[in-house]
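Single-structure report; data block below.
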Amino acid sequence: MVRPGVVRAKGGGRAARRGAPRPARVPDLVAGAGRGAARDDGDTSRARLFSDRAYEAIRERIVTTELAPGRLLTEAELATQLGLGRMPVREALQRLVQDDLVVILPRKGSFVAPIRVEDLPKIFELRLALEGLASRLAAERMTAEELARLEALIADARGLSNGSAEHVRVDRAFHRAIAAATR
């Protein structure tokens, strides 16, 4: 005999033979929450936060060529490096595909998208426009401490050979300092 509001276990397992009841939770079924689904806004926002963290970190590594064009991206490796689970990394990779920064090849894996020669003029034009705007905004908004930081970075860059690893590091820090001062 089945009691109202109780669902018997399916299959021929021990629970079914004993008739062990399993309560059916109508609110969960109606809301679509099932195994693995986020059950409240807190879980959903936390999952989104992890996915966003993975997206930003991987995107940064691609844009700075720390992850070189053509490099194989494994979810497990990225998850370990970022201290996150594989699901946020998988979601981040899907978003990066939409941004044309990652290419997924069936049965081969995910790869950093190659830089195409025909894209270079567009990239440089865009960068010139953005850097000009960022410089103007930073000049209007930066604090004395931020100005001192930029001057220190300029002093650090003097004497470094153009293109050396140290020069690239200082240049990147300089441009990030300008971007931070645009707030």
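The values are calculated or read from the model by the stated rules, or taken from the named source; none is laboratory data. No experiment lies behind these values; they were computed from the predicted model shown. All Cβ positions, even for glycine, are placed from backbone atoms using ideal geometry, and neighbour counts span all protein chains on display. To get the accessible areas, we keep the full protein, side chains included, count just its heavy atoms, and leave off ligands, DNA and RNA. Shrake-Rupley method; radii C 1.70, N 1.55, O 1.52, S 1.80 Å.
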Failed item, numbered, when LEU160 is tested on (1) open to solvent by 50 Å² or more (accessible area, probe 1.4 Å); (2) outside any helix (DSSP H, G or I); (3) within 20 Å of PRO69 (Cα to Cα): (3)
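The rows are residues; the columns are (1) farther than 30 Å from ASP99 by Cα; (2) of a type outside the set (S, T, N, Q).
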| position | (1), (2) |
| --- | --- |
| ARG127 | no, yes |
| LEU130 | no, yes |
| LEU137 | no, yes |
| GLU140 | yes, yes |
| ARG149 | yes, yes |
| ASN162 | yes, no |
| ALA173 | no, yes |
| ALA179 | no, yes |
Tabulated pairs, the range 143-165, first more than 24 Å from ARG183 (Cα to Cα), second open to solvent by less than 90 Å² (accessible area, probe 1.4 Å), C-beta under 6 angstrom, 6+ apart or interchain: ASP156/VAL170; ALA157/VAL170; LEU160/GLU166; LEU160/HIS167
Check on ASP171, surrounded by 13 or more Cβ atoms within 10 Å (Cβ to Cβ) and modelled with pLDDT under 95: yes
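Got a sec? Which of ALA113, ALA155, ALA181 is aliphatic (A, V, I, L, M), open to solvent by less than 60 Å² (accessible area, probe 1.4 Å) and touching a Lys or Arg at 6+ places or on another chain (Cβ under 9 Å)? Please lay out each step first, then the result.
On the way: ALA113 fails: touching a Lys or Arg at 6+ places or on another chain (Cβ under 9 Å); ALA155 fails: touching a Lys or Arg at 6+ places or on another chain (Cβ under 9 Å).
Answer to the check: ALA181.
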Matching residues, the range 64-86, being acidic (Asp, Glu) and open to solvent by 50 Å² or more (accessible area, probe 1.4 Å): GLU66, GLU77
